[in-house]
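Colleague: Sending over a structure as structure tokens; questions will come in a sec.
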């Protein structure tokens, strides 16, 4: 399993970077593109968490990528 972070890149654009790595797995024009790529990278390595950071650097969202298990799954109140 691999966790990824989506952050604003220093050279411009947005980076998708594996947790603990020194170099980004990819640099993208938009945050949405970087998030999509990070989810693909994570899924290809067995799933994990993708954490999306805002411009201030703080985590603003986090998604669990299958086949990893979500530690806090949403509660379905309709069924």
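For (1) touching a helix residue (DSSP H, G or I) at 6+ places or on another chain (Cβ under 8 Å); (2) surrounded by fewer than 20 Cβ atoms within 10 Å (Cβ to Cβ); (3) at pLDDT 95 or above, each residue gets a yes or a no:
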| position | (1), (2), (3) |
| --- | --- |
| 6 | yes, no, yes |
| 18 | yes, yes, yes |
| 26 | yes, yes, yes |
| 32 | no, yes, yes |
| 46 | no, yes, no |
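Colleague: Continuing with this model, one more query. Out of segment 4-40, which residues are touching a strand residue (DSSP E or B) at 6+ places or on another chain (Cβ under 8 Å) and either in contact (Cβ under 8 Å) with a residue 60 or more places away in the chain or under 9 Å from residue 65 (Cβ atoms) (or both)?
Modeller: 4, 38, 39
The values are calculated or read from the model by the stated rules, or taken from the named source; none is laboratory data. For clarity, every value in this text was computed on a predicted model and none was experimentally measured. Methodologically, a virtual Cβ is constructed for each residue, glycine included, from the backbone with ideal geometry; neighbour enumeration extends over all protein chains shown.
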